[in-house]
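The values are calculated or read from the model by the stated rules, or taken from the named source; none is laboratory data. It should be emphasised that the depicted structure is a prediction, and the values quoted were computed from it without experimental measurement. A quick note on method: Cβ atoms are made from the backbone with ideal geometry, for glycine too, and the neighbour counts reach across all protein chains shown. Surface areas here come from the heavy atoms of the whole protein model, side chains and all, with no ligands, DNA or RNA. Shrake-Rupley method; radii C 1.70, N 1.55, O 1.52, S 1.80 Å.
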Amino acid sequence: MTGPDKQEKQVSTNHAKRVKKPLWRRLFKWGLILGAVGTVSAVIVVVSAIVYYGRDLPDYRQLANYEPAVVTRVHAGDGSLLTEFSKKPRLFVPINVVPQQLINAFLSAEDKNYYNHSGLDYMGMVRANLRNVMNLARGRTLQGGSTITQQVARNFLLTLEQRLDRKVKEMILTLRIERAFTKDEILELYLNEINFGNRSYGIAAASLNYFNKALNELTVAEMAFLAALPKAPNNYHPVRNKGRAVGRRNWVLSRMRALDHIDDETYRVAVAEDLVMRRRTGRAEFKAEYFSEEVRRRVGRIYGTKALYEGGLSVRTSLEPRLQAIAERSLRQGLVEYDRRHDYRGPITRMKIDEVWQKRLEALKKPLGIPRWKLAAVHEVRTDGAIIGLRDGSYGFVPFETVTWARRSPKITDIGEVIALGDVIAVEYIATIPTITLAGFWDAAGEEVGPVPQYGLRQIPAVEGANVVMDPHTGRVLAMVGGYDYKTSQYNRATQAERQPGSAYKPFVYATALDRGFTPSDLILDAAFVIDQGEGLGKYKPKNSSNKFYGPRTLRFGIEKSKNLMTVRLAQELGMRSILDYASKFGLESNMDATLAASLGAGEVTLLKLSAAYGMLVNGGKEITPSLIDRIQDRRGKTIFKHDKRICRPCEQTREIDPSNPLETALKEPDLPDERLQLIDPHTAYQLVSMMEGVVRNGTGRSINSLNKPLAGKTGTTNDQRDAWFMGFSADLVVGVYTGFDRPRSLGRYEEGSSVAAPIFKSFMRDALRGEPGIPFRKPAGIRLVRINADTGQPAQYGDKNVILEAYKPGTEPRTGLFAVLDGSQPAGKSKSTIRKGTGGIY
């Protein structure tokens, strides 16, 4: 065969081979090509989506520094819980203290394959999509198929909006989180963050708020219920929606059984268990609303609102619950007693007395300010008293003698002058009066009413007040009450109300004089005083509250009897500018003008500041700063604030224990330096304390002397009796009391510091110092005690009647013979007139 023929035959053979290739092979070939192209395209699309949506995603690594919003707790000095501040009440718990069965419950309800997938449960997503197709066809709500990791990504880093791009971002973040954190770390984030409803954020708070239990005390049924809540907390409330809640709980239990987390017997017992919500109780919480609110304001100013409500701070305050309870009781009692001296203002409201009177009374909103009293409706008025009906349907009796306070003049002769049928009044049960039988009185059912308890008529005071209890050595506020009732008014009259202190300011005028060379026995003229204030200002003519003059009297007498004219003469001699400069050492410089009226307390000051100023007198003249907060710790226990800034050097050293007496060695207290600034001469401070001790013994505060304790203080009353004060102290306790109306008006004729505020101080000190030994005021070294005639200020002579021990600085003791009277007749600094004893009153 020739060459061309052979070549043609070879071509024909090859062509036949190509024609005979099967179809399926060609299809397979093209399938591979198209599959490869599709795979590459899909990879490109996925990579592009990851790059596109992953550009601006939040940094998932911030979860490593997760600090959930945790409740801030405020504690009293003895550790009692005062209050909590939070926007989302949450208690953080590490995953290692969460019971395994509780974890199983959550995994059964939310993500059964949690420990087996890499963040995305693809089969779960397919199942969820198939269910949603059916739900769409049936018009039902779509369901999610998110894993726990996806929920963490969504709750921490993204929004909850239902959009495709958000879902893609969620999936990307989920994969990143899974690579960065362990499964347990992710689960810990989840269990501490989610909302369980009922103001419960995190599993620990939910356990307490729903069942009043710690996590390790929960039953399997209770664990299943908590695991059922995250899906829709409001839909499964155990009281409002108990049926749905039980159904959802049982579904979780069935899932736990199907996944072999519980056996059949445990399942049957859990399903049969009743779902009972138990309110959170058992917290040793002490209520001191005015104090706690002031702490809230101060912490907020220092660290900001976010740290206060979300930072999990631990605030240890200076409050002593025992003293706080006494302060609240004494203030309320004092305000009520004042109010009772100023007549009854009428019933709270009136209502018809018929067969449905009880329902009508129950429907009335109980007025604020009567938490310990009861609302009652008057059913019948008799000559010896009135029959009342209470909200619970029971009856009582108000005897005539308990309403006689309702009008002072003319005196009440008939109870009908005070209350009438249908009056709704406030009453208080009187345990000391026996029950009484109501003859001839039948209830709505026609049955005669048997013996009933007796009550007294009460009235919410219109007057307000405040008191402050302070440690004078440290400035720690041990108790504070800012008003009669916090629910009625949150205005804190101890820290927010700036009012004129009246005569309570006088000690700082006298302290200035003592530091300028005066002694407590120096004489000042108590007589009429008139001074021209300048063009167009008229004449200043102060007067004593008694409108009487007493002639030359000692400084001690002037402060004991609170003589305005003596104080003004002394202020004129010293110069008001020097007095205000002196008072500024005690924090009293603000809102005071350099006028003589300021010496009588015409400026304005808060009760807290004035209490601190008195504390600096009794502690020997050392500076203190009033403080409600001892210490603040952050969520990790690190101390970030301390009131006492001193460093205990001996505490930092290793102490050697005496083997022969280890207990004594352990109890030995280290010596701490006293870093307080000395504001005034301690001798001056003691002289003033001694003079104010005379206020309690012989002066305007003598009603307090019956306590038989070493006490001192000063009354204060402003013009027209608008405000009444008593600032007093023992050796280790300062108590300031303020009373007055929020809209300033007169407290009434004859009402002053001695009648309104002093009884509150006395009531507090009686209870606070009960059983305590009387501690005398501490006398500094060098003070000389000399027997003098209290009327003349001269050394005591044989036969003198009014003899006292007076305190003098070394070298200032009085001598018999010449003495001077400050009469204010000369220019400042030259107004002492020399007078011989027995000259007959030549001033």
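I'd like the full set of residues that are within 17 Å of Gly502 (Cβ to Cβ) and among the hydrophobic types (A, V, I, L, M, F, W, C), limited to the stretch 750-772.
Within the stretch 750-772, Val756, Ala757, Ala758, Ile760, Phe761 meet the criteria.
Within the group Leu331, Leu313, which residue is closer than 20 Å to Pro89 by Cα and at pLDDT 95 or above?
Details: Leu331 fails: closer than 20 Å to Pro89 by Cα.
Exactly one of Leu331, Leu313 is closer than 20 Å to Pro89 by Cα and at pLDDT 95 or above, namely Leu313.
Is it true that some residue in the stretch 802-809 is modelled with pLDDT under 95 and farther than 30 Å from Arg408 by Cα?
Taking every residue of the stretch 802-809 in turn, at least one turns out to be modelled with pLDDT under 95 and farther than 30 Å from Arg408 by Cα.
Which residues, counting only those in the stretch 425-449, are open to solvent by 30 Å² or more (accessible area, probe 1.4 Å) and closer than 24 Å to Arg360 by Cα?
Answer for the stretch 425-449, where residues must be open to solvent by 30 Å² or more (accessible area, probe 1.4 Å) and closer than 24 Å to Arg360 by Cα: Glu428, Tyr429, Trp442, Asp443, Ala444, Ala445, Gly446, Glu447, Glu448.
How about the stretch 324-381: which of its residues are in contact with a strand residue (DSSP E or B) (Cβ under 7 Å, 6 or more places away or on another chain) and of a type in the set (Asp, Glu)?
Glu328, Glu380
For the stretch 40-89, give me the residue count where each residue is modelled with pLDDT under 85 and in contact with a Ser or Thr (Cβ under 8 Å, 6 or more places away or on another chain).
Adding up the residues that qualify gives 1.
It is to be established whether one or more residues within the stretch 640-647 are open to solvent by 40 Å² or more (accessible area, probe 1.4 Å), more than 26 Å from Pro542 (Cα to Cα), of a type outside the set (D, E, K, R) and part of a loop (DSSP other than H, G, I, E, B). Don't jump to the end; show me each part of the working.
The first filter runs over the stretch 640-647 and keeps only residues open to solvent by 40 Å² or more (accessible area, probe 1.4 Å), leaving 640-647.
So of that shortlist, the ones also more than 26 Å from Pro542 (Cα to Cα) come out as 640-647.
Applying the additional criterion that residues be of a type outside the set (D, E, K, R) yields 640-641, 643, 647.
Applying the additional criterion that residues be part of a loop (DSSP other than H, G, I, E, B) yields 643, 647.
Yes, the stretch 640-647 contains at least one residue that is open to solvent by 40 Å² or more (accessible area, probe 1.4 Å), more than 26 Å from Pro542 (Cα to Cα), of a type outside the set (D, E, K, R) and part of a loop (DSSP other than H, G, I, E, B).
What is the residue count in the stretch 350-366 for residues that are open to solvent by 50 Å² or more (accessible area, probe 1.4 Å) and either charged (D, E, K, R) or not in a loop (DSSP other than H, G, I, E, B) (or both)?
Selection size over the stretch 350-366: 10.
When both residues are 6+ apart or on different chains and their Cβ atoms are under 8 Å apart, which pairs have a first residue that lies in the stretch 624-636 and is more than 30 Å from Pro94 (Cα to Cα), and a second that is of a type in the set (Val, Ile, Thr) and open to solvent by 40 Å² or more (accessible area, probe 1.4 Å)?
Here the result reads Ile624/Thr474; Ser627/Thr474, each pair linking the stretch 624-636 to a residue that is of a type in the set (Val, Ile, Thr) and open to solvent by 40 Å² or more (accessible area, probe 1.4 Å).
Which condition does Glu535 not pass, out of (1) at pLDDT below 95; (2) within 39 Å of the chain's Cα centre (by Cα), if it passes all the others?
It fails just one condition, (2).
Residue-wise test of (1) over 18 Å from Met691 (Cα atoms); (2) among the charged types (D, E, K, R).
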residue: Ser562; (1), (2): no, no
residue: Leu574; (1), (2): yes, no
residue: Asp581; (1), (2): yes, yes
residue: Ser584; (1), (2): yes, no
residue: Glu589; (1), (2): yes, yes
residue: Leu596; (1), (2): yes, no
residue: Val605; (1), (2): yes, no
residue: Leu608; (1), (2): yes, no
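For the structure I just gave you, tell me whether Pro673 is open to solvent by 40 Å² or more (accessible area, probe 1.4 Å), at pLDDT below 95 and on the phi < 0 side of the Ramachandran plot.
The answer is yes for Pro673.
Got at least one residue in the stretch 476-486 being more than 30 Å from Arg391 (Cα to Cα), among the hydroxyl-bearing types (Ser, Thr, Tyr), at pLDDT 95 or above and surrounded by fewer than 24 Cβ atoms within 10 Å (Cβ to Cβ)?
Scanning the stretch 476-486 turns up no residue that is more than 30 Å from Arg391 (Cα to Cα), among the hydroxyl-bearing types (Ser, Thr, Tyr), at pLDDT 95 or above and surrounded by fewer than 24 Cβ atoms within 10 Å (Cβ to Cβ).
Residue by residue through the stretch 292-307, note down the ones that are in a helix (DSSP H, G or I) and either surrounded by fewer than 22 Cβ atoms within 10 Å (Cβ to Cβ) or more than 18 Å from the chain's Cα centre (by Cα) (or both).
Listed by number, the residues that qualify are Glu293, Arg296, Arg297, Arg298, Gly300, Arg301, Ile302, Tyr303, Thr305, Lys306, Ala307.
Please return the ranges of helices (runs of 4 or more DSSP H) entirely within the stretch 520-602 where 3 or more residues are in contact with a strand residue (DSSP E or B) (Cβ under 9 Å, 6 or more places away or on another chain) and crowded, with 17+ Cβ neighbours inside 10 Å. Reasoning before the result, please.
Numbers: elements: 555-560, 564-574, 576-584.
Passing ranges, in order: 555-560, 564-574.
Select from the stretch 520-579 the residues that are of a type in the set (Gly, Ala, Ser), at negative phi and without any contact (Cβ under 8 Å) to a residue 60 or more places away in the chain and list them in ascending order.
Of everything in the stretch 520-579, those that are of a type in the set (Gly, Ala, Ser), at negative phi and without any contact (Cβ under 8 Å) to a residue 60 or more places away in the chain turn out to be Ala528, Ser546, Gly558.
Select from the stretch 222-245 the residues that are touching a residue at least 24 places away in the same chain (Cβ under 8 Å), open to solvent by 40 Å² or more (accessible area, probe 1.4 Å) and not charged (D, E, K, R) and write down the one among them that is nearest to Phe211 (Cα to Cα).
Per the criteria, the residue is Val239.
In the list Tyr344, Tyr338, which residue meets the criterion of being farther than 30 Å from Arg635 by Cα and outside any helix (DSSP H, G or I)? Before the answer, list the steps.
On the way: Tyr338 fails: outside any helix (DSSP H, G or I).
Criteria check complete, one pass: Tyr344.
So in the stretch 320-335, with the set limited to residues that are open to solvent by 70 Å² or more (accessible area, probe 1.4 Å) and in a helix (DSSP H, G or I), which one is nearest to Ile388 (Cα to Cα)?
Ranking the candidates gives Gln333 first.
Given the conditions (1) free of Cβ contacts under 8 Å to residues at least 12 places away in the same chain; (2) under 22 Å from Tyr115 (Cβ atoms), report the number of the one that Ala214 does not fulfil.
Ala214 satisfies all of (1) free of Cβ contacts under 8 Å to residues at least 12 places away in the same chain; (2) under 22 Å from Tyr115 (Cβ atoms) except (2).
Could you please find all residues in the stretch 275-291 being in contact with a strand residue (DSSP E or B) (Cβ under 8 Å, 6 or more places away or on another chain), among the small types (Gly, Ala, Ser) and either under 30 Å from Ala227 (Cα atoms) or open to solvent by 10 Å² or more (accessible area, probe 1.4 Å) (or both)?
Across the stretch 275-291, the qualifying residue is only Ala284.
For the stretch 758-802, enumerate the residues that are free of Cβ contacts under 8 Å to residues at least 40 places away in the same chain, outside any loop (DSSP other than H, G, I, E, B), open to solvent by less than 40 Å² (accessible area, probe 1.4 Å) and aliphatic (A, V, I, L, M).
Val786
Every residue, every condition in (1) aromatic (Phe, Trp, Tyr); (2) in contact with a helix residue (DSSP H, G or I) (Cβ under 8 Å, 6 or more places away or on another chain), yes or no:
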| residue | (1), (2) |
| --- | --- |
| Gly534 | no, no |
| Tyr540 | yes, yes |
| Asn544 | no, yes |
| Gly558 | no, yes |
| Ser562 | no, yes |
| Thr567 | no, yes |
